[in-house]
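Take a look at the structure below.
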Amino acid sequence: MSETDPVAIVALLREELRKGLEEILNEISRQHSPWMNANSAARYADCSPSTIHKAAAKGIITRYDQFTGPRFRRDEIDAALEGKKLKRRTGETENRRADTPTHRLADSSSKP
C-alpha cells in the first residue's frame, strides 16, 4: 500500500476516529461516575487532595479503600459542600450547618 492509496487512508482515518471516540467516551464515563480518586475529588470540590483526606479522617466524607487506591463518592462530597453529612448505612441526610452555607470541605467540620 502506498501513502496515496485511498483504501489505506480510509482505514487509517477510521482507526484514528475510533481511538478518538473511545477516549471521549471514557472521559464522559469518568465524569459521570460516582467514584473519584483524591485528585479528582479535590478538583471537583475546589480544594487540595490533603483537604479531601482530612475530611475523610474527620468522618465528613467516607474513604473507600479499593484495590486501585482510595476512592470518594461524588454525592458525599456534594453533601459535605452543602453542609450536610450522609449517614453511612441508611442513606438519610442530616443538616450539618443549615444556617451557613459551606464552600470548602475544610469549613464543613467547624461549628457555626
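The values are calculated or read from the model by the stated rules, or taken from the named source; none is laboratory data. This structure is a prediction, so every number in the text was calculated from the model and none was measured. Counting neighbours? That spans all protein chains shown, and the Cβs are built from the backbone with ideal geometry, glycine included.
A few remarks follow.
- Scan region 54-69 for residues that are surrounded by 10 or more Cβ atoms within 10 Å (Cβ to Cβ) and of a type in the set (Ser, Thr, Tyr) and the total you get is 2.
- A single entry from Ser2, Ser33 fulfils the requirement of being at pLDDT below 90, exposed (fewer than 10 other Cβ atoms within 10 Å of the Cβ) and not β-branched (Val, Ile, Thr): Ser2.
- Whenever a residue of region 44-73 is in contact (Cβ under 8 Å) with a residue 12 or more places away in the chain and farther than 16 Å from Ser33 by Cβ, its partners that are hydrophobic (A, V, I, L, M, F, W, C) and part of a loop (DSSP other than H, G, I, E, B), lying with C-beta atoms within less than 6 angstrom and at least six residues away or across chains, give the pairs Ala55/Ile61.
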